[in-house]
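Trainee: What follows is a single structure, and I will ask about it in a moment.
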Amino acid sequence: MSLLIKSGTLVTAEDVFSADILIEGETIAAIGVNLHVPDAEVIDASGRLILPGGVDPHVHLDLPMAGTVSSDDHYTGTKAAAFGGTTTVIDFVSQDYPTLREAVDRLRAKADQKVAVDYGLHMNITRFDEQVAGEIPCLPDLGVTSLKVFTAYNGRLRLQDGEIFQVLRIAGQNGLLTMLHAENGDVIEILISEALAAGHTSPEWHARTRPAWGAVEAVMRAAALAAQAGAPLYIVHMNAAGEVDMLHYARQRGVPVMGETCPQYLFFTEDDLRRPDGAKWVCSPPVRTPDDQERLWEGLADGILQTIGTDHCPFFYNGNQPLVYEGQPVAIPGKELGKDDFTKIPNGLPAVGDRLPVLWTYGVGSGRLTPSQFVALTSTNPAKIFGLYPRKGALFPGSDADIVIWDPERSLKYGRAHAMHRTDYNLYEGWELKGYPEKVFLRGRLIVDGEHWLGQAGAGKFLRRQPGAPTL
Ligand code: URP
Ligand code: ZN
Ligand code: ZN
């Protein structure tokens, strides 16, 4: 069956133009003006924008943390993604098994039957030895072409600088991309001990014990390691003005380093952590200051930063109180675990469904980003950087027909009811939005139609990625 989407305005990373799109099966077959296909089902998209489905390069679904688990699993999180116009997500594999292969296989055994949009995987490298060094080059056989390393979480996730250098070098030699969580683990450990000893237990101390300077120096340190390893690097969840400055410095000197920020760092500050319900905003790295927000927006507009992901990692605010999800009561321990100690608050927040609608109104609507920059940052660039382009992130003949019909005139008061995350709060509750996804197609199949969910668990595909993706 053919589907013809007529008279829409296509928004790509390069251009905005009027055209019809013909979909045959799972892919885009043609793009042109006044296409006529006698037997096709026709959707009139006049007055609507047509965007490539969002690509979120940073989500944590069903992630065990702090004695609980992130409350969106691979079904509920990908359903929420779809409602927000995102049709591809990339999740992380924890290195919790004897081999990397087993870790990837275990995650896929859970996720493949649940995902409702397409997904890929990054591999966390949190333990490094000769065996791991020998396994990294085999990751492309598993469809995995990116690794994440950490300069924080001492004794749990952190690698030493020499180990990060070796990971970078092996990754670079094999066409893989290393991603970095940039904070200073040593300083954080000292500040946390001192804060607890002084009786400081409230959420704002989460930010006060993770200073921005630690992130700034870790970005510079890792960029220097990447330069010495001759390998590309991608800094995840950038949150501080100084990080943008360091990224700019390294890029100007030809270091192949790229950066991602997330909506929470553009819209919230440490003041939110001081609210009575401040635990809702606890994530790592923490939200910062208005000056940091300003520099991040500049970095996006100037091309210093390449992507906006989400770091979606939701928890309940009150995990003692069930909510009803698809007719069933669900309660998962959450932020209340840290009510007497900020170090016990599970780190992370809901975001995957919020990303496109909130950024459209407060990024494009406010004039900070053009529509094409919005598409580049949230879809095309992540697809390119992570080896999915032009299958994903593009509106070309041959691309997967992951398409969002976007109503630029739809106004709504946003919140939890729209976002569809499986958690009991939304950070943007009551925000006024203008512009919203109307229909979402995954490989030619309509999965969101207004308020209606037409998708299904297991309909998403695992995306095997190829090494050698470009540095932007
Ligand atoms: O608070 C966060 N970001 N949780 C997820 C883990 C990470 O470091 O990205
Ligand atoms: Zn991280
Ligand atoms: Zn993360």
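The values are calculated or read from the model by the stated rules, or taken from the named source; none is laboratory data. Predicted model, so just to flag it, every value in this text is computed and none were measured. Here the Cβ is made from the backbone with ideal geometry for all residues, glycine too, and neighbour counts use every protein chain on show.
Trainee: Every residue in region 243-285 that is assigned to a loop (DSSP other than H, G, I, E, B), farther than 23 Å from Arg368 by Cα and either within 16 Å of ligand 1 (Cβ to nearest atom) or of a type in the set (Lys, Arg) (or both), please.
Mentor: Once the filter is applied, which keeps residues that are assigned to a loop (DSSP other than H, G, I, E, B), farther than 23 Å from Arg368 by Cα and either within 16 Å of ligand 1 (Cβ to nearest atom) or of a type in the set (Lys, Arg) (or both), region 243-285 yields Arg253, Arg274, Arg275, Val282, Cys283, Ser284, Pro285.
Trainee: Could you tell me whether any residue of region 423-437 is within 20 Å of Val324 (Cα to Cα), over 21 Å from the mean Cα position of the chain (by Cα) and of a type in the set (S, T, N, Q)?
Mentor: The answer is no; no qualifying residue exists.
Trainee: Tell me, please, whether a residue that is among the hydroxyl-bearing types (Ser, Thr, Tyr) and either more than 30 Å from Pro137 (Cα to Cα) or surrounded by fewer than 16 Cβ atoms within 10 Å (Cβ to Cβ) (or both) can be found in region 414-423.
Mentor: Yes, region 414-423 contains a residue that is among the hydroxyl-bearing types (Ser, Thr, Tyr) and either more than 30 Å from Pro137 (Cα to Cα) or surrounded by fewer than 16 Cβ atoms within 10 Å (Cβ to Cβ) (or both).
Trainee: If you go through region 328-338, how many residues are surrounded by 21 or more Cβ atoms within 10 Å (Cβ to Cβ) and farther than 30 Å from Gly259 by Cβ?
Mentor: 0
Trainee: While we're here: Output the qualifying pairs, or none if there are none: Cβ atoms under 6 angstrom, residues six or more apart or on different chains, first residue in region 317-328 and assigned to a loop (DSSP other than H, G, I, E, B), second residue β-branched (Val, Ile, Thr) and surrounded by fewer than 15 Cβ atoms within 10 Å (Cβ to Cβ).
Mentor: Pairs found: none.
Trainee: Looking only at region 300-327, filter to residues that are of a type in the set (D, E, K, R) and on the phi > 0 side of the Ramachandran plot; which one of those is surrounded by the fewest Cβ atoms within 10 Å (Cβ to Cβ)? Quick ask: steps written out before the conclusion?
Mentor: From region 300-327, those of a type in the set (D, E, K, R) are 302, 311, 326; that's our starting set.
Retained after the next criterion (residues that are on the phi > 0 side of the Ramachandran plot): 311, 326.
Values: Asp311: 27, Glu326: 10.
The selected residue is Glu326.
Trainee: Among what's in region 204-218 and is assigned to a helix (DSSP H, G or I) and within 16 Å of ligand 3 (Cβ to nearest atom), pick the residue that is nearest to Pro467 (Cα to Cα).
Mentor: The selected residue is Ala218.
Trainee: Related question: Can you go through Ala197, Ala229 and tell me which one is over 28 Å from Val89 (Cβ atoms) and either surrounded by fewer than 20 Cβ atoms within 10 Å (Cβ to Cβ) or free of Cβ contacts under 8 Å to residues at least 60 places away in the same chain (or both)?
Mentor: On the way: Ala229 fails: either surrounded by fewer than 20 Cβ atoms within 10 Å (Cβ to Cβ) or free of Cβ contacts under 8 Å to residues at least 60 places away in the same chain (or both).
None of the other options fit; the residue is Ala197.
Trainee: Counting only residues that are surrounded by fewer than 18 Cβ atoms within 10 Å (Cβ to Cβ) and modelled with pLDDT under 95, give me the strands (runs of 3 or more DSSP E) lying completely in region 1-116 with at least 1 of them.
Mentor: none
Trainee: Further question on the same structure: Taking Gln160 and the conditions (1) over 29 Å from Asp112 (Cα atoms); (2) touching a residue at least 24 places away in the same chain (Cβ under 8 Å), which numbered condition does it fall short on, given that it satisfies the others?
Mentor: Going through (1) over 29 Å from Asp112 (Cα atoms); (2) touching a residue at least 24 places away in the same chain (Cβ under 8 Å) one by one, Gln160 breaks only (2).
Trainee: Report whether or not Gly143 is of a type outside the set (S, T, N, Q), under 25 Å from Pro470 (Cβ atoms), in contact (Cβ under 8 Å) with a residue 12 or more places away in the chain and assigned by TED's automatic domain parsing to the domain that holds Ala212.
Mentor: So Gly143 passes the test.
Trainee: Which condition from (1) within 11 Å of Pro285 (Cβ to Cβ); (2) in contact with a Lys or Arg (Cβ under 8 Å, 6 or more places away or on another chain) is the one that Ala241 breaks?
Mentor: Only one criterion is unmet by Ala241, namely (1).
Trainee: On the given criteria, is Ser372 of a type in the set (S, T, N, Q) and either part of a loop (DSSP other than H, G, I, E, B) or within 16 Å of ligand 3 (Cβ to nearest atom) (or both)? Outline the logic, then answer.
Mentor: On the way: of a type in the set (S, T, N, Q): yes; either part of a loop (DSSP other than H, G, I, E, B) or within 16 Å of ligand 3 (Cβ to nearest atom) (or both): no.
Criteria not met by Ser372.
Trainee: Six or more apart or on different chains, Cβ under 6 Å: which pairs go from a residue in region 268-291 that's assigned by TED's automatic domain parsing to the domain that holds Tyr362 to one that's in a helix (DSSP H, G or I) and small (Gly, Ala, Ser)? Could you list them?
Mentor: Note: pairs meeting the criteria are Glu270/Ala207; Leu273/Ala207; Pro285/Ala215; Pro286/Ala207; Arg288/Ala212; Asp291/Ala241.
Trainee: Please specify each residue of region 42-58 satisfying the condition of being out of contact with any Ser or Thr (no Cβ under 7 Å at 6 or more places or on another chain) and among the small types (Gly, Ala, Ser).
Mentor: Gly47 - this is the single residue of region 42-58 that is out of contact with any Ser or Thr (no Cβ under 7 Å at 6 or more places or on another chain) and among the small types (Gly, Ala, Ser).
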